[in-house]
1. Quick one: which of Val302, Val288, Val280 is closer than 30 Å to Phe222 by Cβ, in contact with a Pro (Cβ under 9 Å, 6 or more places away or on another chain), of a type in the set (A, V, I, L, M) and in contact (Cβ under 8 Å) with a residue 24 or more places away in the chain?
2. How about the stretch 252-279: which of its residues are at pLDDT below 95 and within 25 Å of Asp224 (Cα to Cα)?
3. Read through the list (1) crowded, with 16+ Cβ neighbours inside 10 Å; (2) modelled with pLDDT under 95, then give the number of the only condition that Leu142 fails.
4. Being within 15 Å of the ligand (Cβ to nearest atom), open to solvent by 40 Å² or more (accessible area, probe 1.4 Å), without any contact (Cβ under 8 Å) to a residue 60 or more places away in the chain and more than 20 Å from Ala307 (Cβ to Cβ), is that true of even one residue in the stretch 221-235?
5. Test each condition in (1) open to solvent by 20 Å² or more (accessible area, probe 1.4 Å); (2) in the same structural domain as Thr316 (by TED's automatic domain parsing); (3) touching a helix residue (DSSP H, G or I) at 6+ places or on another chain (Cβ under 8 Å) for Glu133 and report the one that comes out false.
6. Which one of the conditions (1) at negative phi; (2) over 34 Å from the mean Cα position of the chain (by Cα); (3) at pLDDT 95 or above does Tyr328 fail to meet, given that it meets all the rest?
7. Would you check which residues across the stretch 152-169 are assigned to a loop (DSSP other than H, G, I, E, B) and surrounded by fewer than 20 Cβ atoms within 10 Å (Cβ to Cβ) and list them?
8. How many residues, within the stretch 170-195, are part of a loop (DSSP other than H, G, I, E, B) and either at pLDDT below 95 or open to solvent by 40 Å² or more (accessible area, probe 1.4 Å) (or both)?
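The values are calculated or read from the model by the stated rules, or taken from the named source; none is laboratory data. On a predicted model such as this, the values are computed, not experimentally measured, just so you know. Positions of Cβ are generated from backbone atoms using ideal geometry, with glycine treated the same way; all protein chains shown enter the neighbour counts. Ligands, DNA and RNA are excluded from the accessible area calculation, which covers all protein heavy atoms including side chains. Shrake-Rupley method; radii C 1.70, N 1.55, O 1.52, S 1.80 Å.
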Amino acid sequence: MEALKAKVDALLQEIAGTTITDAATLEQYRIKYLGTKGIIKDIFGMMKDVPGPQKKEAGQLLNSLKVQAEAHYAAHEHLKEGAAAGGAQVTDPSLPAVPVSIGTRHPLRIVENQIVGIFEKLGFVVAEGPEIEDDWHNFTSLNMPEDHTARDMQDTFYVSQNPDWLLRTHTSSVQARILEEGELPVRIICPGRVYRNETVSARAHCFFHQCEGLYVDKNVSFADLKQTLYYFVKEMFGEHTKIRFRPSYFPFTEPSAEMDISCSVCGGSGCSLCKHTGWVEILGCGMVHPDLLRNFRIDPEVYTGFAFGMGVERITQLKYQVNDLRLYSQNDIRFLRQFEQVLP
Ligand code: DAH
């Protein structure tokens, strides 16, 4: 019994003096004292030599040794976590956090938000429609009957099971969706994705984005159209941007025009973007065709309206000098990260 006591005392001192600094020394400690072939297991073997009456005392002594050895282990157990996390050191909570990348908004979405935001300031309300459309909303109701040559301008993807269904070729289809609801006046801005059967290249894509605008009310004039778009352009490209209208043709408007702005890169003095003309085209527009209003049982003698449609990729190209349409859908992080600073 005396020998046992001396041994336990010596061991307790040894354990208290053992410094454990990392997961490796902790494991060495565990094997040495607490393992199945460890010292404590061994010493429990001495119990059989202790005479009967002293067995109880000896048992308590050894138990307290075991408890203290285990407590010393437990006090350092957190070192194992540090090792699992990749380092032998304890986590230092005062260190700066590892930055978490949260992603960035897509450039097209940034520009779409800007466009919509500007028109919202003028009282336009966002309206949306389906990307899978029917012939009526995408073409016929917009003054493009079946044999109309204007349909050739837009290479359409049809749904093979039902030739009346197609992927909308423009967001003008949303005009039809809203006008058929029959509530006037209407003042909407319609962003969305459109599809055309084009070979993908730097300058063309089989899907892209448009933003359509429509305002129908009593006494809406071309002057309203011009002033609205002029406001948009100055907000989008800066106070000094100039605009000009060129006569054009769209089946859904009469008269129709295409609008140019003074080049956003050179300011009008001439560069490769504007092909040295000083002007770049940004949208199509016009006064809503009376026949279109009649298609929706609106009296063109009472109501008039204007409409316009622009490509979001085009506006983004002019604002941020993106010169390849494919970049928008390639998910190249080096491209996307450049717009981080432009949020929101
Ligand atoms: N839908 C035309 C296109 O995709 C754009 C457009 C032109 C829309 C004139 C309009 C408009 O509302 O008045 O090319």
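1. Val288
2. Cys263, Ser264
3. (2)
4. no
5. All conditions are met except number (1).
6. Single failed check for Tyr328: (2).
7. Scanning the stretch 152-169 gives Gln154, Asp155, Thr156, Phe157, Ser160, Gln161.
8. The qualifying residues number 6.
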